[in-house]
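Everything on this sheet refers to the single structure shown next.
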Amino acid sequence: MSGEDRLLPQWLRYEDTSGPLPARTDTLVIGGGIAGTSLAYYLAKGGVDVTMVDRGELNREASGTNAGSFHIQLAIHQLPAAGSPAGDVERLLQEARQNLAAYEVWNALDTELDIPLGVHLTGGWMVAETEQQLQVLHEKRELEQQAGIVTEVVTGAELRKRAPFLAPDLAGASYCPQEGHANPLIAAPAYALRAHEHGATIRTHVDVQEIEQRGDRAGGRFLVRTSAGEILADRIVNCAGAWAADQARLVGLKLPVRREGLHVNVTERRGRLMDPMVQHIGRRLTLKQSSDDTFIIGGGWPTPAAPPPRRYPTAWESAAGNTAVAVRVIPALADVRVVRTWSGVIVFTDDLSPVVGESQLVPGYHACVASTGFTLSPMLARRLAEQMLDRDGAEPFPPDHHLDRAAARTGS
Amino acid sequence: MTDERYDVLVVGGGPAGLAAATAAADHGLRVALVEERVTLGGQVYKQPGPGIVVRDPAAMGREYAEGRSLIDAAEASTATILTNTQVVAIERDTAVLVESDPTRPAAAQPARIVCFARIVLAPGAHDRPVAFPGWTLPGVLTAGGLQTLIKAQRVLPGRRITFAGAGPLALAFPAQLLGYGANVTSVLEAGPPPRPGDVLRIAGAAPGNRHLLQDAIRYRTTLLRRRVPLRYRRIVVRAEGDGRVEQVTHAAVDRDWRIVPGTEQTEPTDVLGVGYGFVPSVELLRLAGCETDFDEDLGGYVVRRDDWLRTTRPTVFAAGDGTGVEGSQVAVAEGRIAGIGAALDLGALDAATARRLAAPSRRQRDRRRAMTRALRRMHDVGPGIFDLATPDTVVCRCESVTAQRLSETIDGTRDINVVKALTRAGMGPCQGRTCQRQVASMIAARHEQPLGSIALATPRMPVRPVAIGALADEHVGGKTLFVRQDDDADVPAGELTDEW
């Protein structure tokens, strides 16, 4: 057991999350992942009467089933299909800056919540196997520099010296000292606990099934029918992550999000081999040795779908392919045993930009949904809360974050 | 994807698996029998390990002979026998096999995918894990562990052995130990002493089970003759020692196996054997998607099956103790029924013939079952068995999670997956095989729910740890893997993903 674990708080009691729904609330937050719990926290702290519901338990989907990495360097899934970042500079710059802003929030979060969240700044390598991939590393480094992200490209003997765990025949790797991770199993529960202490009502096993829009009638703009009864709300924030599109449909909105199951492998504990995260610029790999000394190996390998409440199954092919990339990059993993796999359902927005803010089509209806949401959500939720609290200087989100963008494009 | 195909893949080389493989192979089907250990026989018919030669089979006892004849039949059949091989995952009509020869590097034993038309899962059972203070001390062994040492390795792990347990093994096993020359200093049975009524019930249920009755009497007589103190209605409360067990404390229990205050006694010992019955090893069955019910008398979570022992997954059969602990006789009968059922499904037999062939096995099973039910009063597991852990007792030994940490977390949830996420209990190499029932019972107690209503954690492959060198495959992936699989047969259309 790690030392941090001993300092963990007493989590919310069952009785704290299982009482009846209030008859009305100012703001109803739908979804108990990192986005919903952090938003509930920031709103409650700002004095808003907020109720947060989840159809199941807290933190059971992407927020608790990702690997907890902070991705600061531009990664393979952000790059245009051609592989070179040259064609998409503006978007990539914006994403890079956003990642940095998100990390600043994370870095202060242990203190803000007064709970050890396992935030560690470990640095991260992004490896290239071929000369062509090495070229991409050089190109993306220039972009990252413009955005204020520190990276360097390292090759040859220096790489072998600084990262002796990497295979000696790699073409090179870029290093970013700003990358790291937090414990995804604790972050959302920590937010929920503090939100509750600030007066937020947290309810689990409440499935939002219908939303009636009542215009400006007294009592609340929305009448929300749930598996646990009705609740009136003036404002709704859709934090349903991978299921955000299903939720938005209840008010007639079309959100540009879809979901995908991603496979992750976990090994037995081994002696400390490495601290930094390792990614690959040309193949799907994210790998780190956790603070529990297990290796967590993922990076975007798919799993089949299954409807809730079933969990997405894992996939042998993904395990085999994913670990093949891992052992190619870190040969010492060959005799390390995989003891467990899991599958997380991750949200992808159409253009990888977050969907955050208030809808113009349905006033009062908000959303806070992002791909790589573990990294981004605390920052996005804090900014959204500031806007909802009408704080002076609350910075508006850029237009491409708008949640009506899919509707605007289809002309409806 | 793979050229290795079987009509029937049988997983588990114990009595049920041996019988299933033999029965299916008898009808001309292409059969493979997979066993993770180096020898066939399973736990009950465990064979001496490599390098040990049996010169005088008659001296080995009836159990050895029964096991040997099942093994001989399977080996004489056309079934391909794959020992030292683990099934670590099942996905639809494929299973992933990993060879586990410890003398060769993992990369030299790559995992392979084999296809099956039907699979018979006969995973057997394992000792019911019971967490009490000191249960993780060296020298505290499960009945199964002791048995393996003795049957496969011919090793007695200490001079003085205390045995605590319940059910038929609580008597049979210490008697066996005596036969191997062990010094059993005391035997504690959590259940009540037999009453004349029990003997009558057993006798009434026992036509054809006479030898079992004889065994029970023989075990008891052996213990009495050797003056081994045999005490009923007592359980082990804690084990203590410096670096290994040196003494055990036991106490009287009531009907629910709850401790009667003021009845504690302490005695010195070298080895504490613990055998509070068995629980079905349902990991592979759950991974295959088979639905389970709950029946404490059969060991807890048990898989649901039809007359031919098909599970709720139509291509998956299940037989033996892994489906509910009823012993080797029922396991053999079930193995035959499942083997015949698979042959029926695959058209190797017509329905009438299958029924006729399976009838004797069904009768054998029913007869043995009547006996089990008659003995039930003596075998019921009391809920008090789960209350022995004190706050600092480690419940999840892979991840060193204490009862206190679990209790605090269970205050917030009824969901075992959430408890797992917040405490790491069940995340280690055993994947919760050891601690999960204890955690479930803690949830049930805190939230006043029946134990059977607490769902187990999501099953995940691999069911046994697999070295990356064996698992990794550079050749998977390509184009098809990354195309979204909208044709997932398990999922109703429309449930898959959004239309985006």
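Just so you know, all these numbers are worked out from the coordinates, no wet-lab data involved. Keep in mind it's a predicted model, so treat the numbers as computed, not measured. Because the Cβ atoms are built from the backbone with ideal geometry, glycine has one as well, and the counts that use them run over all protein chains shown.
Determine how many Å³ per residue the convex hull of the Cα atoms of the protein assembly as shown encloses. List each step's numbers first, then the result.
Values: hull volume 164.5 nm³, N = 912.
Expressed per residue, the convex hull around the Cα atoms of the protein assembly as shown is 180 Å³.
Quick one: compute the contact order of chain B, relative version, from alpha carbon pairs under 8 angstrom and 6+ residues apart, as a percent. Relative CO of chain B lands at 17 percent.
Sort the range B:212-269 into rounded, prolate or oblate with this rule: let a ≥ b ≥ c be the square roots of the eigenvalues of the Cα gyration tensor; rounded if a/c is under 1.5, and if a/c is not under 1.5, prolate when a/b is larger than b/c, oblate otherwise.
Details: a/c = 2.65, a/b = 1.46, b/c = 1.81.
Since a/c reaches 1.5 but b/c is at least a/b, the shape of the range B:212-269 is classed as oblate.
The lysines whose alpha-carbon is closer than 22 Å to the alpha-carbon of B:LYS420, local same-chain residues fewer than 8 away aside, are A:LYS288. The simple spin-label model puts a point 7 Å past each Cα toward its Cβ; for B:ASP242 and B:ARG220 those points are separated by 4.3 nm. May I ask for log10 I(q)/I(0) of chain B at q = 0.06 Å⁻¹, from a Debye sum over the Cα atoms as equal point scatterers with solvent left out? With no solvent term, the Cα-only Debye profile gives -0.29. Subtracting the Cα-Cα distance of A:ASP26 and A:ARG310 from their residue separation scaled by 0.36 nm leaves 99.0 nm. For the range B:81-158, a/c is not less than 1.5, where a ≥ b ≥ c are the root eigenvalues of the C-alpha gyration tensor, and a/b tops b/c. That puts it in the prolate class. Note that the range B:137-146 has calculated 3J(HN,Hα) couplings of 5, x, x, 8, 10, 6, 4, x, x, 4 Hz, one per residue in order, obtained from phi through the Karplus relation 6.51 cos²θ - 1.76 cosθ + 1.60 (θ = phi - 60°); glycine and proline are x.
The fewest-to-most ranking of A:TYR191, B:TYR219 by surrounding Cβ atoms within 10 Å reads B:TYR219, A:TYR191.
When chain A is treated as a Gaussian network with alpha carbon springs shorter than 10 Å, the biggest mean-square fluctuation among A:SER69, A:SER227, A:SER353 belongs to A:SER227. Spatially, the range B:325-366 and the range B:116-137 are offset by 25 Å when compared through their Cα centroids.
Please arrange A:MET379, A:MET274 by how many other C-beta atoms lie within 10 Å of their C-beta, fewest to most.
Numbers: A:MET379 21, A:MET274 18.
Neighbour counts put them in this order, fewest first: A:MET274, A:MET379.
Computed over the alpha-carbon atoms, the range B:2-141 gives an Rg to Rh ratio of 1.02, Rh here being the Kirkwood radius from the mean inverse distance.
Averaged across orientations, what area in nm² does the convex hull of the alpha carbons in the range A:140-243 project?
Details: hull surface 49.1 nm².
Across all orientations, the range A:140-243 yields a mean hull projection of 12.3 nm².
By the Cβ distance rule of under 4.7 Å, the protein assembly as shown has these cysteines without a partner: A:CYS176, A:CYS239, A:CYS368, B:CYS115, B:CYS290, B:CYS398, B:CYS430.
Among B:LEU223, B:LEU70, sorting on how many other beta-carbon atoms sit within 10 Å of each Cβ, with the fewest leading, yields B:LEU223, B:LEU70.
Annotation: amide H-H contacts under 5 Å for B:ARG5 (H modelled 1.01 Å from N, sequence separation of 5 or more, or interchain): B:CYS115. In this structure, B:ALA107 and A:ALA218 have a Cβ-Cβ separation that, at R0 = 60 Å, corresponds to a calculated FRET efficiency of about 0.25.
The calculated FRET efficiency for the pair B:ALA445 and A:ARG91, based on their C-beta separation and a Förster distance of 51 Å, comes to about 0.40.
The alpha carbon centroids of the range A:101-175 and the range B:416-470 are separated by 35 Å. Mind running the shape call on chain A? Use the C-alpha gyration tensor, a ≥ b ≥ c as the square roots of the eigenvalues: rounded below 1.5 for a/c, prolate if a/b tops b/c, oblate otherwise. Note, shape of chain A comes out prolate. Comparing mean-square fluctuations of A:GLY364, A:GLY241, A:GLY19 from a GNM of chain A with C-alpha springs under 10 Å, the top value falls on A:GLY19.
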